[in-house]
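The values are calculated or read from the model by the stated rules, or taken from the named source; none is laboratory data. Everything numeric here is computed off the predicted structure, so don't read it as measured data. Cβ placement follows ideal geometry from the backbone for every residue including glycine, while neighbour counts extend to all protein chains displayed. Surface accessibility is based on the protein's heavy atoms, side chains included, excluding ligands, DNA and RNA. Shrake-Rupley method; radii C 1.70, N 1.55, O 1.52, S 1.80 Å.
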Amino acid sequence: MNRSGKYIAETPRLLLREFVLDDAENIWELNSDPEVIKYTGDPPFASVKMAREFILNYKDYKKNGFGRWAVITKPSDSFIGWCGLKFNEQNLVDLGFRFFKREWNKGYATEAAQACLEHGFLELNLNEIIGRVARQNKASIKVLEKLSMDYWKNDNCKGIEDSLYYRITKEQYLQNIKTSF
């Protein structure tokens, strides 16, 4: 595995880093699983080449100072999915995650997403982070609720009608840290 990507965060089991070209095959495979992308509104990549082009043209790191990050297990150095922050089409900072189906129900999404919130609020000094989820995606709703994100509203999200929007402010995040110790 190519470790040349910039590392963003570390958790007890995971490393989050910027995408590198060596991730293309994994990203293609991840987005090829209909169950993984079922609630995303995203089409699959047609080929590994398209996934490579996606990585080559991914400008969020330079443009915004953050983006979606590869999630790597320690110590096996295996790509298991991605998690991260991005400015969405409504100019809100959106938390998102996607993992291989074989990695579901292991707590990785919550662990990686918590690291993203910490990075967003403590390193990037963001004021608010949102999460959007299809109403039928019970597992992702559970992750957002574990992160103490509050239901905010229903809205359309990337063609998915009646999506649920959650959010958490920096103040709420800091308060949650205080009360958890």
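Comparison of LYS49, LYS38 shows that the only residue that is open to solvent by 20 Å² or more (accessible area, probe 1.4 Å), over 16 Å from ALA113 (Cβ atoms) and assigned to a loop (DSSP other than H, G, I, E, B) is LYS38.
Somewhere in segment 89-99, is a residue in contact with a strand residue (DSSP E or B) (Cβ under 9 Å, 6 or more places away or on another chain), part of a strand (DSSP E or B) and over 29 Å from SER163 (Cβ atoms)? No; the residues of segment 89-99 include none that is in contact with a strand residue (DSSP E or B) (Cβ under 9 Å, 6 or more places away or on another chain), part of a strand (DSSP E or B) and over 29 Å from SER163 (Cβ atoms).
Selection of segment 37-51 for residues being modelled with pLDDT of 95 or more and under 19 Å from the mean Cα position of the chain (by Cα) yields only ALA51. Within segment 61-80, the set of residues being among the small types (Gly, Ala, Ser), in a loop (DSSP other than H, G, I, E, B) and under 18 Å from the mean Cα position of the chain (by Cα) comprises GLY65, GLY67. Inspect all residues belonging to segment 100-109 and state whether any of them is under 30 Å from GLN175 (Cβ atoms), surrounded by 15 or more Cβ atoms within 10 Å (Cβ to Cβ) and touching a Phe, Trp or Tyr at 6+ places or on another chain (Cβ under 8 Å). Yes: one or more hits.
Each row is one residue, and each column tells you yes or no for (1) open to solvent by less than 40 Å² (accessible area, probe 1.4 Å); (2) among the basic types (Lys, Arg); (3) farther than 24 Å from LEU124 by Cβ; (4) modelled with pLDDT under 95.
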residue: ALA9; (1), (2), (3), (4): yes, no, no, no
residue: PRO12; (1), (2), (3), (4): no, no, no, no
residue: ARG17; (1), (2), (3), (4): yes, yes, no, no
residue: ASN26; (1), (2), (3), (4): yes, no, yes, no
residue: GLU29; (1), (2), (3), (4): no, no, yes, no
residue: THR73; (1), (2), (3), (4): yes, no, yes, no
residue: SER76; (1), (2), (3), (4): no, no, yes, yes
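Screening ASN88, ASN64 for residues that are closer than 16 Å to ILE129 by Cβ and touching an Asp or Glu at 6+ places or on another chain (Cβ under 9 Å) leaves exactly one candidate, ASN88. Among residues belonging to segment 142-173 that are open to solvent by 20 Å² or more (accessible area, probe 1.4 Å) and assigned to a helix (DSSP H, G or I), point out the one that is nearest to THR110 (Cα to Cα). Out of the qualifying residues, it is LYS146.
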